[in-house]
Every structure is written in structure tokens, then in C-alpha cells.
1. Kindly sort PHE10, PHE159, PHE44 by accessible area of their heavy atoms, largest first, with the probe set to 1.4 Å.
2. Applying 1/(1 + (r/R0)^6) with R0 = 45 Å to the Cβ-Cβ distance of ASP160 and THR118, what FRET efficiency is obtained, to the nearest 0.05?
3. Once you sort the root eigenvalues of the Cα gyration tensor of the range 42-108 as a ≥ b ≥ c, which label holds: rounded (a/c under 1.5), prolate (a/b larger than b/c) or oblate (the other case)?
4. Once you put a point 7 Å from the Cα of ALA92 and another 7 Å from the Cα of ALA137, both along the Cβ direction, what distance in nm separates them?
5. Using 1/(1 + (r/R0)^6) with R0 = 22 angstrom and r between the beta carbons of ASN7 and ASN84, what's the FRET efficiency to the nearest 0.05?
6. Taking the full set of protein chains and a 1.4 angstrom probe, give the accessible area of LEU100 in square angstrom, rounded to the nearest 10.
7. Taking the solvent-accessible surface of protein heavy atoms with a 1.4 Å probe, what is the per residue accessible area of the range 9-107 in Å²?
8. Could you order GLU135, GLU120 by accessible surface area, starting with the largest, using a probe radius of 1.4 Å?
Amino acid sequence: ATDKRPNVLFIITDQHRADHVGFMGNNIVQTPHLDALAQRGTAFESAWVSNPVCMPNRSTLMTGRMPSNHGVITNDRSLEWGANTYVRRFRAEGYRTGLLGKSHLQNGVSRLTSQDSTLEAAMSDPWPAGWNELEFAEHYLAQGRLDNKLDWPDDFYGFDTTELSLNHGASVEGHHYQWAIERCAQHE
């Protein structure tokens, strides 16, 4: 039997105003592929963010909870490893899940926004050491190229496949495009 469940593609752009795409009324910037996706899908034309800072808002999108509930209230903390995300719900229902591009659910890029403290921690961390260091750029950069040598978990906030760009996408180097081409070829 053919699976009748819909495919779900969730696209998030960073620091990108809605009026910078054709389907939202921009007559100068040409975005034909995004325009076509918007025509076939759902574009939220009147939406508000939970927090003007990117990591708290992205964590809200992933969990459906406000920053005061999921704990990411600024860019200096990671979304807890065990957070219940919509991606985990999709995966539990048998969907294949993948994250392609920027995640920034962990404080890897922004970890220097707060001062280190020598005081005893305010609470214990039940997760294994290093759980919130997966997005640290230093783990991937070798001779100026993206080179992932980490043992990647099989569940990154619910994603069974993860291909990260780092430093706000500056280190993509084309590998995401190649990843997408390879995955599409496998399912033709």
C-alpha cells in the first residue's frame, strides 16, 4: 500500500524578513523556487515570534513551548537533550527526519556570550558530558574544511539524519547540496 501521509518540509531562514521573497510581495528579489513551494504549501503571513533572539525562538518552534518553559531564554544555553520536539513525534510515527543546514539549538556558536563561572552549578545536568557541544565549530574544522569526526548520536532532537552548517551557514562549502542530491537519488 502506498503511504498517504504528507511529506513535511519546514524551512526556516535566519535574519530574513518576510518581504524579501517574491511570494510575500517583493517585486525586485527573484525567489522562484521559494515562491513555488509557498504556492503548494502553507506560508504564515501573520506570525509572531516568542522571543526576538534566535535560539530561544528556534527552541520554541521545535517544542511548541515558550522560552520560560523550555529554558532557552537567550543564546547562551542549549535546548535540553531530552526535549520533546515535534520532530520526535514525527519520528515516533514512522517518518524519516532530517535536519539540513543551520541548527543552533545548542550554544556552540554563541557559547562565548556569557562568562564562565567557578561557582557550583545551579542544578545538576543529567545528560552525558559533551551533549551540548555537538555544534561547536572546532569539532568540524580541519585545514579550513568541514570535517566531522564526532560520533554523532542517532537522535539529534529527533532528527535521524543531521548535516549541519556552522557559523550561521558560512562553512557550508556545498556539502548540503551534495547530501540532498544523494538522498533524492536513493529514493527515485
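1. Numbers: PHE10 105, PHE159 20, PHE44 160 Å².
In descending accessible area the options line up as PHE44, PHE10, PHE159.
2. Working: r = 39 Å, r/R0 = 0.86.
That pair, ASP160 with THR118, gives E of 0.70.
3. Values: a/c = 1.63, a/b = 1.21, b/c = 1.35.
Oblate is the answer for the range 42-108, as a/c is 1.5 or above yet b/c matches or exceeds a/b.
4. Rounded to a tenth, the inter-label distance reads 3.6 nm.
5. Values: r = 22 Å, r/R0 = 1.02.
For ASN7 and ASN84, the calculated efficiency is 0.50.
6. That residue has around 80 Å² of solvent-accessible surface.
7. Values: 6420 Å² over 99 residues.
That works out to 65 Å² for each residue.
8. Details: GLU135 10, GLU120 170 Å².
My answer, sorted largest first, is GLU120, GLU135.
The values are calculated or read from the model by the stated rules, or taken from the named source; none is laboratory data. Please read these numbers as outputs of a predicted model, since none were measured by experiment. Cβ sites come from the backbone with ideal geometry, for glycine too, and all protein chains shown count toward neighbours. All accessible areas refer to the heavy atoms of the entire protein, side chains included, with ligands and DNA or RNA removed. Shrake-Rupley method; radii C 1.70, N 1.55, O 1.52, S 1.80 Å.
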